[in-house]
1. How long is the gain from residue 63 to residue 194 if the chain were fully straight, where each residue apart is worth 0.36 nm and the alpha carbon distance is subtracted?
2. Within a 10 angstrom radius of the beta carbon, how do 125, 117 rank from fewest other beta carbons to most?
3. Find the relative contact order for segment 134-206 and round it to a whole percent, using C-alpha pairs within less than 8 Å whose residues are 6+ positions apart.
4. Can you report the principal axis dimensions of segment 23-182 using only the alpha carbons, biggest first, rounded to whole angstrom?
5. Multiply the residue gap between residue 44 and residue 88 by 0.36 nm, knock off their C-alpha separation, and tell me the result in nm, one decimal place.
6. Report the label-to-label distance for residue 131 and residue 147 in nanometres (one decimal), using points 7 Å from each Cα along the Cα→Cβ vector.
7. Relative contact order, percent, of segment 54-128 when contacts are C-alpha pairs under 8 Å separated by at least 6 residues?
8. Sorting 73, 172, 148 on the 10 Å Cβ count, fewest up front, what's the list?
């Protein structure tokens, strides 16, 4: 399960995500795991968009929001509608499309402090499908053991948790859960009132493997990709 964490602090909003992504092979048997970001910045809104589910959703939804919405407030208000329209169009060609969680996080122009908005296309977690709701943050996955794995701290509520220095520890704790299928890398995206920064704080080369597909060259291509990065 993709790690998607959205943390709000008085001076910044943070997205902490992993980079493991699975995609089909265009009708061939099996699937491929590949390193892909799950966050895209919206600098004209001082915001960022993140998603969990099908890797194909994020760029399509991002393009729609970037072209149709001009402010954070507008993007938040239409997040559910934009998700629904995007998913409806995608399912016409991909009826087995995965379920999605989408987070919009950043700084509104007309309200104080950073905000986090969530929209989903299912009813698995509780929120109504395609209805944007403002939340205090998102920490997922969490099977109930995350606080213990993080030294007895609730990541959202405990101000001692520092996203700048502990983002890798959070992803590692989530990956240690039985259903915590995270990997590839840890990406930290920071949205402040005057700038957006994103960087990879850790790679998981030793944990990242492609699923058997019968397609020659994919494994060697992955190895070449990692070799070009050098020691991290």
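Read-outs: derived from the displayed coordinates by stated rules, not from any lab. The shown structure was predicted, so the numbers you read here are calculated from the model rather than taken from an experiment. Reconstructed Cβ throughout: ideal geometry from the backbone, glycine too, with neighbour counts over all protein chains shown.
1. 44.9 nm
2. Sorted ascending by nearby Cβ count, the order is 125, 117.
3. 23
4. Cα extents, longest axis first: 48, 45, 27 Å.
5. 13.2 nm
6. Once both label points are built, they end up 2.7 nm from each other.
7. Relative contact order of segment 54-128: 30 percent.
8. Ordered by Cβ neighbours within 10 Å, fewest first: 148, 73, 172.
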